[in-house]
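Reading through the C-alpha cells given below for one structure.
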Amino acid sequence: MTMVSMSAEAGSSESSKRQAEPADAAARPRLVLFYSPTSGHCRRVEASLAQILQRRKNRSTFALVRVNVEERPDLAERFRIDVVPTLLVIEGHRVARRIVSPDTARDLARALDPWLQ
C-alpha cells in the first residue's frame, strides 16, 4: 500500500507541474519555425537561432515550436508558408512577426530584437 500512495503522490505532483507549464508557456510568445529537414539553409537558420537565444540568455523568452513542412503541409498551408525557413512570432492568437528566410544571424537577431533582452 505504501508504494501505491507514493506513486499517487508522484502522479499528483507531476500533474500539477504539467498544469503549471502550459500556463507559463501560454504567457510566453511562441516562436514557430517552419523548416524542411533536407534544407541546408534551414539547418543554418536553426543553428543561428539557437546561438542567438543562448548568447543573450533568452532561452525561456519563447516557447519554440518546430514544424516540419513535409510532415505537416496542412499547417504550412494554414499559415501561408511558401518558403522555408520561415519563423513566426505568435503572441496570443495573432502573428506578431513573420521572418521569411533570413540571410544572416544578424538579420534574424534584428527581427527578434523586440523580444530579446
- prompt: In the range 83-105, which residue that is of a type outside the set (Val, Ile, Thr), touching a residue at least 24 places away in the same chain (Cβ under 8 Å) and outside any strand (DSSP E or B) is surrounded by the most Cβ atoms within 10 Å (Cβ to Cβ)?
  reply: 85
task: Using the structure shown, decide if residue 109 is surrounded by 11 or more Cβ atoms within 10 Å (Cβ to Cβ) and at pLDDT 90 or above.
output: yes
message: Condition first: assigned to a strand (DSSP E or B), buried (at least 16 other Cβ atoms within 10 Å of the Cβ), in contact with a strand residue (DSSP E or B) (Cβ under 7 Å, 6 or more places away or on another chain) and without any contact (Cβ under 8 Å) to a residue 40 or more places away in the chain. Can you find one or more residues in the range 56-63 that meet it?
response: yes
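Table: residues versus (1) on the phi > 0 side of the Ramachandran plot; (2) part of a helix (DSSP H, G or I); (3) under 14 Å from the mean Cα position of the chain (by Cα); (4) not polar (S, T, N, Q).
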position: 34; (1), (2), (3), (4): no, no, yes, yes
position: 41; (1), (2), (3), (4): no, yes, no, yes
position: 67; (1), (2), (3), (4): no, no, yes, yes
position: 70; (1), (2), (3), (4): no, no, no, yes
position: 76; (1), (2), (3), (4): no, yes, no, yes
position: 81; (1), (2), (3), (4): no, no, no, yes
position: 107; (1), (2), (3), (4): no, yes, no, yes
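The values are calculated or read from the model by the stated rules, or taken from the named source; none is laboratory data. Owing to the predicted nature of the structure, the values given are computational and were not obtained by experimental measurement. Positions of Cβ are generated from backbone atoms using ideal geometry, with glycine treated the same way; all protein chains shown enter the neighbour counts.
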